[in-house]
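Here is the structure we will look at, set down as structure tokens.
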Amino acid sequence: MSERPEMFEGVETIWQDGEFVDFEDAQVHVLTHALHYGTGVFEGVRCYDTDDGPAIFRWEEHLDRLYESAKVYDIEIPYTPEELTEATVELIRREGLESCYIRPIAFYGYGPLGLNPSESPVETAIGVWPWGAYLGEEALEEGIDTAISSWRKHASSQIPTSAKTTGAYVNSVLASLEAKGNDYGEAIVLNKEGNVAEGPGENIFLVRDGEIYTTGLAESILDGITRRSVITLAEDLGYTVHDDATISRGELYAADELFFTGTAAEVTPIRSVDDNEIGAGTKGPVTDEIQTRFFDILEEPPEQYDDWFKYV
Ligand code: PPE
């Protein structure tokens, strides 16, 4: 087996098909259905080191989305939500992590090949590991430089974008490779109509004249859970949020502020698009207020958002 990637250093255990197995033993067969056809569904979740101990942020919502994604592909996850919850909590405890990223995955496993997956068993696994700032600490403070991808997002009539499907991420990989190859921190992907969809692994928000806009669910985006959380936080801070917006490329360039949201990316300001400075070319004041509020509640969950946290 090749050398372990740095990000997994120190990880001892993976939960796989109902058992806790050693990291090195968490293997699949090369003729696994999902490896050939991308027939898996997954989640990305974060556990935060709150003042009241480690807590998984919006676990219920992530679990709901996992089962909803699975439904689209007739993937019958052979474990109940309670069993996956228990496995995850136990895994975090065993690893002794205060904060971490959580990656549950369910996929058509080793069975006959061919496009009909119905004879393939569903395999399920959960991994946890520490994962710092996805786009870098500097990006959280100063903002990230982005470029519009030449790859368009697939329409949800082609591959459902509300489902978090492993195979569909080749679109994100292409956008990401292109952006990084051209020395940008991240891509922004337009949909088939040429309007803004999202980042390869993030939703996008725009601030104009003190009001907040984010692309609607019909724009071929993932219904991000951080997106939902930020909409609630912004509204509770008194902002008007338009969560069903159609945003054109030109509107991006002219925005007062832009920021990404995502489990991995958290709340990351965007300081430029295609070398055009956004606002003052750094984190804007509205972004700053929302980002501060976001990180504050993850440190010290207020009663108001108590049901967003599952304590480990
Ligand atoms: N859009 C896409 C395409 C996406 O992958 C994500 C999450 C989001 C929006 C934001 O959704 P949410 O996490 O529910 O707020 N991307 C995950 C994968 C990142 C990765 O590199 O892997 C994540 O953030 O966990």
When segment 1-56 is checked residue by residue, the ones that are open to solvent by 30 Å² or more (accessible area, probe 1.4 Å), among the charged types (D, E, K, R) and either under 15 Å from residue 105 (Cβ atoms) or in a helix (DSSP H, G or I) (or both) are 6, 17, 24, 25
In segment 177-203, anything open to solvent by 10 Å² or more (accessible area, probe 1.4 Å), within 11 Å of the ligand (Cβ to nearest atom) and small (Gly, Ala, Ser) is listed as 201
| Are any of the residues in segment 287-295 within 16 Å of the ligand (Cβ to nearest atom), touching a Gly at 6+ places or on another chain (Cβ under 6 Å) and within 30 Å of residue 87 (Cβ to Cβ)? | no
Residue 46 passes all but one of the listed conditions (1) free of Cβ contacts under 8 Å to residues at least 40 places away in the same chain; (2) closer than 14 Å to residue 310 by Cβ; (3) within 16 Å of the ligand (Cβ to nearest atom); the exception is number (1)
For segment 204-218 the number of residues that are open to solvent by 10 Å² or more (accessible area, probe 1.4 Å) and assigned to a strand (DSSP E or B) is 3
Of all strands (runs of 3 or more DSSP E) fully inside segment 93-200, the set with 2 or more residues that are more than 21 Å from residue 268 (Cα to Cα) and of a type in the set (Val, Ile, Thr) is 122-129
Exactly one of 75, 102, 148, 144 is under 23 Å from residue 198 (Cβ atoms), surrounded by 15 or more Cβ atoms within 10 Å (Cβ to Cβ) and over 19 Å from the mean Cα position of the chain (by Cα), and that residue is 148
Filter segment 265-286 for residues that are more than 16 Å from the ligand (Cβ to nearest atom) and β-branched (Val, Ile, Thr); the one that is surrounded by the most Cβ atoms within 10 Å (Cβ to Cβ) is 278
Flagged pairs (Cβ under 6 angstrom, 6 or more apart or on separate chains; first in segment 210-237, in the same structural domain as residue 46 (by TED's automatic domain parsing) and closer than 22 Å to residue 193 by Cβ; second acidic (Asp, Glu) and more than 8 Å from the ligand (Cβ to nearest atom)) are none
Restricting segment 248-264 to residues that are surrounded by fewer than 24 Cβ atoms within 10 Å (Cβ to Cβ) and of a type in the set (A, V, I, L, M), the one farthest from the ligand (Cβ to nearest atom) turns out to be 254
Residue pairs qualifying under the 6 Å Cβ cut-off, at least six apart or on distinct chains, with the first in segment 65-87 being within 16 Å of residue 107 (Cβ to Cβ) and the second being part of a loop (DSSP other than H, G, I, E, B) and within 16 Å of the ligand (Cβ to nearest atom), are 66/43; 69/163; 69/164; 72/160; 72/163
Evaluate segment 230-237: report whether one residue or more is open to solvent by less than 10 Å² (accessible area, probe 1.4 Å) and in a strand (DSSP E or B).
no
Flagged in segment 82-99 as surrounded by fewer than 20 Cβ atoms within 10 Å (Cβ to Cβ), under 14 Å from residue 17 (Cα atoms) and under 20 Å from the mean Cα position of the chain (by Cα), in numbering order, are 85
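The values are calculated or read from the model by the stated rules, or taken from the named source; none is laboratory data. Here the structure is a predicted model, which is why all the values come from computation and not from measurement. Backbone-built Cβ (ideal geometry, glycine too); neighbour counts: all protein chains shown. The accessibility values were calculated without ligands, DNA or RNA, using every heavy atom of the protein model including side chains. Shrake-Rupley method; radii C 1.70, N 1.55, O 1.52, S 1.80 Å.
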